1. Restricting to region 30-43, and then to whatever is farther than 22 Å from Thr99 by Cβ and in contact with an Asp or Glu (Cβ under 9 Å, 6 or more places away or on another chain), can you tell me which residue is surrounded by the most Cβ atoms within 10 Å (Cβ to Cβ)?
2. Quick one: Ser27 ticks every box in (1) surrounded by 19 or more Cβ atoms within 10 Å (Cβ to Cβ); (2) within 13 Å of Ala161 (Cβ to Cβ) except a single one, so which number is it?
3. Determine whether Val11 is hydrophobic (A, V, I, L, M, F, W, C) and either surrounded by fewer than 21 Cβ atoms within 10 Å (Cβ to Cβ) or within 21 Å of Gly100 (Cα to Cα) (or both).
4. Note down all Cβ pairs under 6 Å where the first residue falls in region 74-99 and is modelled with pLDDT of 95 or more, the second is assigned to a loop (DSSP other than H, G, I, E, B) and surrounded by 10 or more Cβ atoms within 10 Å (Cβ to Cβ), and they're at least six residues apart or on different chains.
5. Any residue at all in region 44-64 that's outside any loop (DSSP other than H, G, I, E, B), surrounded by 24 or more Cβ atoms within 10 Å (Cβ to Cβ) and among the small types (Gly, Ala, Ser)?
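The values are calculated or read from the model by the stated rules, or taken from the named source; none is laboratory data. Predicted model, so just to flag it, every value in this text is computed and none were measured. Cβ placement follows ideal geometry from the backbone for every residue including glycine, while neighbour counts extend to all protein chains displayed.
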Amino acid sequence: MSRALVVYESVFGDARAIAHAIAEGLSDGGLGVDVVAADQGPAEVGPDVDLLVVGAPNHGFSMPRPSSREGAVTQHGAEIADPDRGLHEWLDAVRLDATGARAAAFDTRSDHPKLLVKMDHAARTEEKLLRGHGLALLAPAEHFSVTDTKGPLVAGEEDRARRWGATLARALAAEPAGRT
C-alpha cells in the first residue's frame, strides 16, 4: 500500500483542519496516511513515504517565520509553544530518503483583499523547498481561504481539501513509476 505523510504548521487551527481533511481524502483514495504538526515532524522521512504533503498559513506574504509567529502570539493571542520551530525550519532540517517520492503543497490565506491574496506565497516557498530536496511535485499547490487572521475557514474549504486529497491519491496511483 502506498503511504503519504502530511506535515503542517497551524497557528489558529485552520491549516490543521485542512491537513486532516486532505488526509481523509488521501485515505479514501487508498493511501495509508500519517498527519503530524511540523514542530513534531520526524527528523527523517524514509523510502516508505510515496507522497509528502506540506502546508502552512501565509504570514507576511510567505511562510511563517520566528518573527511572524511571535507577532501572532503578541498581536492575536496565538498559542505557539516554540515560535522558532515551524514548517520552514522542518523542511530545512529534515533528511529525506524518498527517492522517487512525490510532493504537494498547500497554504491557507485570507480571502480578501484580492490584491493581497495574489501576493501571498507560502505555498510557492513550500514548493521550492520540496524541489530542493529532489522531490517532484505531483500537482500544483492548492490554496484554502480563511475569512480573517484567526479564521474561520471559508465555508466548504474542508470539503474541497478532502476532494483535493482524493485527487492527489488518484494522481499518485496513475504515476506508480516514480520510484527509481
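1. Ala38
2. All conditions pass for Ser27, except number (1).
3. no
4. Cβ pairs passing all conditions: Gly86/Glu9; Gly86/Pro64; Leu87/Glu9; His88/Met63; Trp90/Gly41.
5. Scanning region 44-64 turns up at least one residue that is outside any loop (DSSP other than H, G, I, E, B), surrounded by 24 or more Cβ atoms within 10 Å (Cβ to Cβ) and among the small types (Gly, Ala, Ser).
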